[in-house]
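Asks: Structure below; questions to follow.
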Amino acid sequence: MGRKERLALIEKLQTIRSNRLCVVYITSTRTNHEVAMADDVVSLLFDHLEAGRNKAKNGVDLFIHSNGGQGTVPWRIVSLIREYTAKFAVLVPHRAFSAATLTAMGADEIIMHRMGVLGPIDPSVANHFNPPHPQNPGQPLPISVEDVTAYFKLIQEEIGINHEDELIQAVIALTDKIHPLALGNVQRSHHQARMMARKLLKQHMVLDNQENEIDQIIDNLKSNLFYHGHPINRKEARVDLKLKVTDAPDDLADVMWKLYVEYEKALKMTEPFQPSHELDKLVPPSIPAALTTQQIVQQMALLAQAGIGIGLPGVTEQQIVALAAAMVPFVSGGQSPPTKVRLEKIAGAYVESVYDTDVFLTDLALERATVNTPGGPQEAIKQEVIWQRWEKEK
């Protein structure tokens with residue numbers, strides 16, 4: 001199964017949806033190889049919309065699966081699609097979190113599979129003012145906007161600290177761990193997320209006098225759900241959040257799920273990416289470092305001196321030494337096994353329609369290294385991104 005099968009399913013989906021244009025945007029939710037929604041997708045979506053602009057007049061369906069990404073991407077995607085159609089729907093087969101939820105909020109209709117879930121829209125921010133990530137050295141630790149807000153709610157509402165001097169101490173305690181400019185960025189992201197949600201919801205809720213409802217939806221999606229990963233099923237989205245959510249009919253749901261599973265296979269989303277496992281497949285750790293010619297000769301000579309032969313009567317020590325030297329190319333290959341390998345073309349995202357297929361690829365360098373820990377030296381795997389790009393898949 002591959003591209004041919006996916007295109008057939010997209011064609012079938014378009015037929016069920018009255019010949020509307022379907023464009024797929026899938027980002028990997030694979031453990032340890034998650035890919036975020038990013039601005040670079042907009043130009044690709046433009047190409048697919050241009051190719052299908054005649055069909056887009058009937059309406060556009062965006063088939064999406066993602067854990068989210070950059071906060072400005074939803075507005076750019078929704079604005080672009082609405083340049084081509086007045087009928088815009090988002091199809092959610094499985095997971096549309098954070099920025100993907102925002103994208104769905106900009107559609108006229110959200111069509112969800114039984115497995116489909118949306119998520120809260122509270123952003124996490126990361127820039128060079130953030131503290132370093134403890135598990136990913138060299139990368140900033142993302143800060144959740146709502147975590148910062150919850151910290152002060154804990155201080156004031158739960159602990160009951162409201163005196164000015166004590167609140168100042170709480171601020172100092174926080175800024176000891178987080179750069180003040182990082183906190184300033186958190187506040188800017190807080191306002192930007194609310195603004196983005198409001199602009200998108202005004203396209204989703206076209207009736208007048210719904211400002212109060214929009215505010216309530218934003219509060220629920222941004223703050224009141226408490227946990228960024230909370231999955232919002234289609235009943236919650238429709239009844240509790242008052243979003244314009246439709247349950248996918250059985251024939252559409254069947255095609256939506258089959259199509260999603262094809263991407264799940266292509267991106268290996270059910271297989272956690274384990275650098276150590278990938279490296280072991282190419283350079284098994286059980287292979288010892290190759291012996292040098294001198295080391296092999298010395299070992300063979302010691303065996304001969306100890307009276308341990310090789311099972312051939314009349315073979316002298318000198319002949320054993322010569323045989324050892326001759327065996328070196330076969331034993332060691334003349335070089336030590338590599339400790340660094342390159343994994344190429346790891347698929348991480350798709351933008352696809354019946355007109356074309358774009359796939360996001362990553363090349364990684366993996367290397368075994370010994371690091372000092374409190375418990376002593378331990379082997380670790382260093383991971384380095386060599387190259388990332390979009391390519392055409394044929």
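Asks: If you check Leu62, Leu118, which single one turns out to be touching a Cys at 6+ places or on another chain (Cβ under 9 Å), in contact (Cβ under 8 Å) with a residue 40 or more places away in the chain and crowded, with 23+ Cβ neighbours inside 10 Å?
Replies: Within the list Leu62, Leu118, the selection yields Leu62.
Asks: Residues in the stretch 80-89: is at least one at pLDDT 95 or above, of a type outside the set (Gly, Ala, Ser), within 21 Å of Phe360 (Cβ to Cβ) and surrounded by fewer than 19 Cβ atoms within 10 Å (Cβ to Cβ)?
Replies: Yes, there is a match, as at least one residue in the stretch 80-89 is at pLDDT 95 or above, of a type outside the set (Gly, Ala, Ser), within 21 Å of Phe360 (Cβ to Cβ) and surrounded by fewer than 19 Cβ atoms within 10 Å (Cβ to Cβ).
Yes/no per residue for (1) buried (at least 18 other Cβ atoms within 10 Å of the Cβ); (2) free of Cβ contacts under 8 Å to residues at least 12 places away in the same chain:
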residue	(1), (2)
Ile10	yes, no
Thr15	no, yes
Arg20	yes, no
Glu34	no, no
Asp39	no, no
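Asks: Please work out which residue is farthest from Met112 (Cα to Cα), limiting yourself to the stretch 211-249 and to residues that are of a type in the set (S, T, N, Q) and at pLDDT 85 or above.
Replies: Within the stretch 211-249, the match that is farthest from Met112 (Cα to Cα) is Asn233.
Asks: Go through (1) without any contact (Cβ under 8 Å) to a residue 40 or more places away in the chain; (2) aliphatic (A, V, I, L, M); (3) more than 28 Å from Lys235 (Cβ to Cβ) and name the single condition Val73 misses.
Replies: Against the list (1) without any contact (Cβ under 8 Å) to a residue 40 or more places away in the chain; (2) aliphatic (A, V, I, L, M); (3) more than 28 Å from Lys235 (Cβ to Cβ), Val73 comes up short only on (3).
Here's the yes/no breakdown for (1) assigned to a strand (DSSP E or B); (2) β-branched (Val, Ile, Thr); (3) at pLDDT below 75:
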{"residue": "Val321", "(1), (2), (3)": "no, yes, yes"}
{"residue": "Met327", "(1), (2), (3)": "no, no, yes"}
{"residue": "Gly334", "(1), (2), (3)": "no, no, yes"}
{"residue": "Gln378", "(1), (2), (3)": "yes, no, no"}
{"residue": "Lys382", "(1), (2), (3)": "yes, no, no"}
{"residue": "Lys394", "(1), (2), (3)": "no, no, no"}
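Asks: Now for a different question. Restricting the search to the stretch 255-280, which residues are among the acidic types (Asp, Glu) and surrounded by 16 or more Cβ atoms within 10 Å (Cβ to Cβ)? Before you say what the answer is, go through the steps one by one.
Replies: Restricting attention to the stretch 255-280, the residues satisfying the condition of being among the acidic types (Asp, Glu) are 262, 264, 271, 278, 280.
Within the stretch 255-280, Glu262, Glu264, Glu278 meet the criteria.
The values are calculated or read from the model by the stated rules, or taken from the named source; none is laboratory data. None of the values given here were measured: they were computed from a predicted structure. Positions of Cβ are generated from backbone atoms using ideal geometry, with glycine treated the same way; all protein chains shown enter the neighbour counts.
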